Amino acid sequence: MYLYFPKLKPKDECGVYGVFNHENAAQLTALGLHALQHRGQDSAGIVTSDKKKFFAHRGMGQVSDVFSNKEILNKLSGNISVGHNRYGTTGESALKNVQPLFSEINIGGIAIAHNGNLTNTNHLKEKLISDGAIFQSTSDTEVILHLISTCKGNLIDRLIYALESIRGAFSLILLTNDSLIGVRDPFGIRPLVLGKLGESYVFSSESCGLDIIGAELIRDIEPGEIVIIRNNKLESVKPFKKTCLRPCLFEYIYFSRPDSILEGRNVYNVRKKIGYQLASENKEDNKLIDIVIPIPDSGNASALGYAEKIKRPFELGIIRNHYTGRTFIEDSNTVRNLAVRLKHNPNTSSFIDKNIALIDDSVVRGTTSIKIVEMLRNCGVNKIHMRIASPPVKFPCFYGIDTPTKEELLASKYSIDQIRNYIGVDSLKFVSLDGVYKALGFKNGRNNQTPLFTDHYFSGDYPVRLIDQDAGVLPSQLSLLIEPTK
Ligand code: AMP
């Protein structure tokens, strides 16, 4: 028999948040989600428990749209809460996929919020469906609920079984009637931190979600760690024999908020240091460049570092309109192109007749760069020297950062000189991968034997097997793959 079901959609770079033991758990969660809004603007949701009943509210759009009045939040009773911001694209942006997902299983109700992408859920889903499971969503997260529901034992035994079955990137927060559980995958690919506010505990994708409610950052959840909070006690379980911290490098380059602290590093400082590296690797730049202009906001911190190092003024030559969404979120090319114009406007007087260094954090499809370069050319800039604060993005991501298929990635098809020509700049330089590692504090750069971060989009080194993906996308470094199983 041939079973047909829609393929699970990847592209889930999201924000997760949870509060335990606070009378305003839902309100604090809404604030936390607000601070994590940059991680996803597609939909938002909160599920709470008052130990007897569960309460939920979910909707499409940003946190302030979904939780648009206090009555909505007031209905979410209880002292325990879990919330989610979702980053999706058209087609998968359906209400059925809005998290936290909730299910009543034979050991009680359970809600789950997931950041990251799993790489073997098509296989697991096929097996579960042939065993009779009925899926309500097209999100890979639902597979975890099914795995928990179809095995035996207490909640933690079941959770361990589910976690051992899945592969890929996952930072999870689960809520039951009386507990809140935080989980990070065995490589710690996506971030998750633990905080404390008086007698309450908080989980957040990033520390900026703790700052907004005045909670103290306790620590990052460790790779492969399950932290269970129940009866106001915290218990840590580490079920995986093999774990190895390899957090996603793109969190430092682009995704996380600059004021967040990931694994003890302030993201803003790292970005600034990448800017220093970019300048150190291009020693002649101070002879070419009059002023340094970032593409806001993604290029701001690295442009500051770069300008400091080459001793040239930093100018806001492009002004960003903050009231439009991210260009990446728009699915069609036409809308995406239009969105770039909606978002950025030239501040002409600052750069007319000048030779500029134009700084951005990354080039993916090149859409942003092309539009901005054209805009600056039309406004009388002299030379444009584009400098990118990350290496060329050559390989797609299957762990939750929305870097598209190989065919869409400029750097996977073209040489740097061809990209320079395509974007229309006078010169183009990318920081080296070693330079990024140096900015993170590793004097000798990237150690190829034991890479310290997940950096496959630059290196092709995928730490977790891509079981659902075509063999064609697997990189030459396949032998480096480690299976995070017992
Ligand atoms: P592109 O315009 O396709 O070259 O994309 C690069 C721009 O999108 C840069 O300005 C980045 O700041 C931003 N960007 C890079 N990676 C991502 C991502 N995974 N999701 C959303 N935006 C991104």
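Reducing the stretch 125-164 and the stretch 242-286 to their Cα centroids gives an inter-centroid distance of 36 Å. Near S77: Cβ cut-off under 9 Å, other residues only, Lys/Arg at +1 and Asp/Glu at -1. The net charge is +1.
Normalising the Debye intensity of the stretch 363-442 to I(0), with uniform scatterers on Cα atoms only, and taking log10 at q = 0.23, 0.27 Å⁻¹ returns -1.11, -1.28.
Under 4 °C and 1.567 mPa s, how fast does the chain diffuse according to Stokes-Einstein, given a Kirkwood radius computed over C-alpha pairs? Answer in µm²/s, whole number. The diffusion coefficient I find is 56 µm²/s.
Among S207, S149, a tally of other beta-carbon atoms within 10 Å of each Cβ gives an order, fewest to most, of S149, S207. Ranked for footprinting exposure by Cβ neighbours inside 10 Å, fewest first, D461, D157 give D157, D461.
Quick one: net charge around S350, please, counting Lys, Arg +1 and Asp, Glu -1 for every other residue with C-beta under 12 Å from its C-beta. Once positives and negatives cancel, what remains is -2. If you take the Cα centroid of the stretch 365-395 and the Cα centroid of the stretch 397-417, the two points sit 16 Å apart.
Computed across the stretch 271-448, the Kirkwood hydrodynamic radius from all distinct Cα-Cα pairs reaches 16.4 Å. Sorted ascending by nearby beta carbons within 10 Å, beginning with the fewest, K125, K287, K371, K51 become K287, K51, K371, K125.
Measuring nothing but how far apart in sequence close Cα pairs (under 8 Å, 6+ apart) lie, relative to its length, the chain scores a relative contact order of 13 percent.
With bins 5 Å wide beginning at 0, the percent of Cα pairs of the stretch 62-175 falling in each bin runs 2, 10, 20, 23, 21, 12, 7, 4, 1. For the stretch 24-67, what are the per-bin percents of Cα-Cα distances with bins 5 Å wide, up to the bin holding the maximum? The calculated distribution, bin by bin, is 6, 24, 32, 22, 11, 5, 1.
Taking the average, over residues, of other Cβ atoms within 10 Å as the packing measure, peptides 39-50, 137-148, 414-425, 258-269 rank 39-50, 137-148, 258-269, 414-425 from highest down. Scaled against the 2.2 N^0.38 Å expected of a compact globular protein of N residues, the Cα radius of gyration of the stretch 112-266 reads 1.06. Count charges around A26 for me, please; just the other residues with Cβ under 12 Å from its Cβ, Lys/Arg as +1, Asp/Glu as -1. Overall, the nearby charge balance is -1. With the alpha-carbon atoms of the stretch 137-212 aligned to their principal axes, the span from lowest to highest coordinate is 38, 27, 24 Å, starting with the largest.
For the stretch 379-448, the relative contact order works out to 34 percent when only alpha carbon pairs closer than 8 Å and six or more residues apart are counted. Based on the convex hull around the alpha carbon atoms, the stretch 14-246 presents an average projected area of 11.5 nm². With contributions of -39500 (n - 2.57) from each DSSP H run of at least four residues, the per-residue ellipticity at 222 nm computed over the chain stands at -7000 deg cm²/dmol.
Each reported figure results from applying straightforward, stated rules to the coordinates on display, with no laboratory input. What you are looking at is a predicted structure, and each value in this text was computed from that prediction instead of being measured. Heads up, the Cβs are rebuilt from the backbone with ideal geometry, glycines too, and the neighbour counts pull from every protein chain shown.
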